[in-house]
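Engineer: Below are the structure tokens for one structure; questions will follow.
The values are calculated or read from the model by the stated rules, or taken from the named source; none is laboratory data. Everything numeric here is computed off the predicted structure, so don't read it as measured data. Here the Cβ positions follow ideal geometry from the backbone for every residue, glycine too, while neighbour counts run over all protein chains shown. SASA here: full protein model, heavy atoms, side chains in, ligands and nucleic acids out. Shrake-Rupley method; radii C 1.70, N 1.55, O 1.52, S 1.80 Å.
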Amino acid sequence: MKLSTRSRYGMRLMIDLAQHWGEGHIALKDIAERQGISKKYLEQIVSLLTSHKLLKATRGFSGGYQLARDPHEITAADVVQATENSLSSLACIADPVTCERSSTCPALGLWAGLDDCMRKYLEGITLSDLAKSAPAPVQ
């Protein structure tokens, strides 16, 4: 499975916010600058993360973004699910009705097992874990 740039950048954004947890709302321009990602592209990603209730947004002079929950409670799976709309590598795993062969497919178990491994791996890593292992944030 190839993850999109949305997932990679979304993860960087979320790790950045985890590293700044407890500092209040962080301006998107500051995150964009620290991460070397265009603010315009991050605006699209924060929309997805906010709609999945992973981020809180505040408008106004001191507005910005912060994690909706403690970094210990948000997993890598949560971020990928929000940015990719699914953790499944194939449509037939997410919804067997999409494939007329799913009931007789000899490889279905293989793909389902792969998805299960990936899901469990991503669910076992929190933003707090990633923030600790990342280089110290730029101030």
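Engineer: Which numbered condition in (1) in contact with a strand residue (DSSP E or B) (Cβ under 8 Å, 6 or more places away or on another chain); (2) more than 17 Å from residue 30 (Cβ to Cβ); (3) of a type in the set (Gly, Ala, Ser); (4) open to solvent by 50 Å² or more (accessible area, probe 1.4 Å) is the only one that residue 51 fails?
Structural biologist: Only one criterion is unmet by residue 51, namely (1).
Engineer: Quick one: would you say residue 40 is assigned to a helix (DSSP H, G or I), in contact with a Lys or Arg (Cβ under 8 Å, 6 or more places away or on another chain) and loosely packed, with under 12 Cβ neighbours inside 10 Å?
Structural biologist: For residue 40, the condition - assigned to a helix (DSSP H, G or I), in contact with a Lys or Arg (Cβ under 8 Å, 6 or more places away or on another chain) and loosely packed, with under 12 Cβ neighbours inside 10 Å - is not met.
Engineer: Determine which single condition residue 65 fails, assuming it passes every other condition in (1) surrounded by fewer than 18 Cβ atoms within 10 Å (Cβ to Cβ); (2) farther than 17 Å from residue 123 by Cα.
Structural biologist: That leaves (1) as the condition not met.
Engineer: Another question, then. Mind listing whichever residues of region 79-91 are open to solvent by less than 50 Å² (accessible area, probe 1.4 Å), of a type in the set (S, T, N, Q) and part of a loop (DSSP other than H, G, I, E, B)?
Structural biologist: Those that are open to solvent by less than 50 Å² (accessible area, probe 1.4 Å), of a type in the set (S, T, N, Q) and part of a loop (DSSP other than H, G, I, E, B): 86, 88, 89.
Engineer: Could you list, in sequence order, all residues of region 7-33 that are farther than 16 Å from residue 69 by Cα and of a type in the set (Val, Ile, Thr)?
Structural biologist: Selection gives 31 alone.
Engineer: Considering 97, 79, which residue is closer than 26 Å to residue 28 by Cβ and among the β-branched types (Val, Ile, Thr)?
Structural biologist: Within the list 97, 79, the selection yields 79.
Engineer: Just need a number here: residues in region 74-108 that are within 13 Å of the chain's Cα centre (by Cα) and in contact (Cβ under 8 Å) with a residue 40 or more places away in the chain.
Structural biologist: The qualifying residues number 9.
Engineer: Here is a follow-up. Would you confirm whether or not region 21-28 contains a residue that is touching a helix residue (DSSP H, G or I) at 6+ places or on another chain (Cβ under 7 Å), in contact (Cβ under 8 Å) with a residue 40 or more places away in the chain and either not aromatic (Phe, Trp, Tyr) or not in a loop (DSSP other than H, G, I, E, B) (or both)?
Structural biologist: yes
Quick grid of which residues meet (1) assigned to a loop (DSSP other than H, G, I, E, B); (2) open to solvent by 50 Å² or more (accessible area, probe 1.4 Å):
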{"residue": "56", "(1), (2)": "no, yes"}
{"residue": "61", "(1), (2)": "yes, yes"}
{"residue": "71", "(1), (2)": "yes, no"}
{"residue": "77", "(1), (2)": "no, no"}
{"residue": "93", "(1), (2)": "no, no"}
{"residue": "103", "(1), (2)": "yes, yes"}
{"residue": "115", "(1), (2)": "no, no"}
{"residue": "131", "(1), (2)": "no, no"}
